[in-house]
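The values are calculated or read from the model by the stated rules, or taken from the named source; none is laboratory data. Given the structure is predicted, the values throughout are model-derived calculations rather than measurements. Every residue, glycine among them, receives a Cβ derived from its backbone with ideal geometry; neighbour counts consider all protein chains shown. Quick note on the areas: whole protein, heavy atoms, side chains included, nothing else; ligands and nucleic acids left out. Shrake-Rupley method; radii C 1.70, N 1.55, O 1.52, S 1.80 Å.
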Amino acid sequence: MKDLLSIRSYSTRPKEHAHSYNQLVLPLQGMINIRVGTFNGKVSPRECVIVRSNEMHLFTAEKEARFIVADLKKLPDLIEDSPHIVFEISKPLSQYLLFIESQLENEFSPAIEQAMLNTFKLLLCEQRLTPKLDIRINNALLYIEQNISEPIIISDLAKVACLSPTQFKKNFKKQLGITVLEYITSLRMKKAQALLTHTDYPLQIIAEQVGYTSLSAFSRKFSQYFGLSPTKFKQ
DNA sequence: TCTTCACTGCAGGTAAAGCC
DNA sequence: GGCTTTACCTGCAGTGAAGA
């Protein structure tokens, strides 16, 4: 058996089964009901289910559901050692799955498929392996990602999560282990790092792209976060 | 489990000065 | 000219306590 990426739709195999290889199930759209190990529940896009080799599992999916399945002889160490069965995937991996879907649907190219598999594994190694989150917190995370270049205030996030601001802040820290502001800042700094590395945008534009209306505030925060100013980082 | 309230500390905006 | 640093100020985030 060799490692393989494939697209699946709703299950035509609603029987409990196991196989000799590992499998990662990553929904693209719609919900999947899955029973594996101690987990028995729904999995949605931006989540990944780990099915280890020889582990009995059963899954069914909504008719409109589509998902990527990765059959792997060996799991990356990070995932192999993970105590979680379902974990959140990053935005880059989520978007890469859409590329994989498009490529697999439209072309047959063993060389590209091998390259896709390699990139997929690299992206897997970058995952933070945060456990499946409360849907309300997940909605807030999506809102943050979609609005990272705008000023983001807790009361708006709390509305998205259908919680009071205080309850939202407490739940957020309980589930992610960091405060809302720490999470937003880390996203902004990573994006700023990428823009500084891959573009020639002036600092004012980069500051705006990552949600700072004040260049000085951006420069100060960047220096605190990375230990050197944006200009020195670029050099 | 959740909301409200009060308190503290910090992040971010502004302005000004200085550096390259 | 573009960027960084710093001081000051304000508003908001974080958190604990009390209560529904």
Practice task
Please determine, by comparing only the residues of the range A:146-177 that are exposed (fewer than 13 other Cβ atoms within 10 Å of the Cβ) and more than 12 Å from DNA strand B (Cβ to nearest atom), which one is nearest to the chain's Cα centre (by Cα).
Solution key: A:GLN146
Exercise for the section: For the range A:201-212, name all the residues that are touching a helix residue (DSSP H, G or I) at 6+ places or on another chain (Cβ under 9 Å) and either open to solvent by 20 Å² or more (accessible area, probe 1.4 Å) or touching a residue at least 60 places away in the same chain (Cβ under 8 Å) (or both). Expected result: A:TYR201, A:LEU203, A:GLN204, A:ILE205, A:GLU208, A:GLN209, A:VAL210, A:GLY211, A:TYR212
Problem - the range A:96-144: number of residues that are charged (D, E, K, R), under 14 Å from the mean Cα position of the chain (by Cα) and surrounded by 12 or more Cβ atoms within 10 Å (Cβ to Cβ) - result: 3
Handout entry: Qualifying positions in the range A:41-76 - over 26 Å from A:GLU113 (Cα atoms), open to solvent by 50 Å² or more (accessible area, probe 1.4 Å), in contact (Cβ under 8 Å) with a residue 24 or more places away in the chain and assigned to a strand (DSSP E or B)
Key = A:THR60
Practice task
Could you look through the range A:178-191, keep only residues that are of a type in the set (A, V, I, L, M, F, W, C) and surrounded by fewer than 17 Cβ atoms within 10 Å (Cβ to Cβ), and pick out the one that is nearest to DNA strand B (Cβ to nearest atom)?
Solution key: A:LEU181
Handout entry: Flag if A:GLU80 is out of contact with any helix residue (DSSP H, G or I) (no Cβ under 8 Å at 6 or more places or on another chain), over 24 Å from A:ASN138 (Cβ atoms) and surrounded by 11 or more Cβ atoms within 10 Å (Cβ to Cβ)
Key = yes
Fill in the blank from the handout: Expected output for the range A:91-117 (first residue at pLDDT 90 or above, partner open to solvent by 40 Å² or more (accessible area, probe 1.4 Å), Cβ below 6 Å, 6+ apart or cross-chain) is A:SER94/A:ARG46; A:GLU101/A:ILE7; A:LEU104/A:ILE7
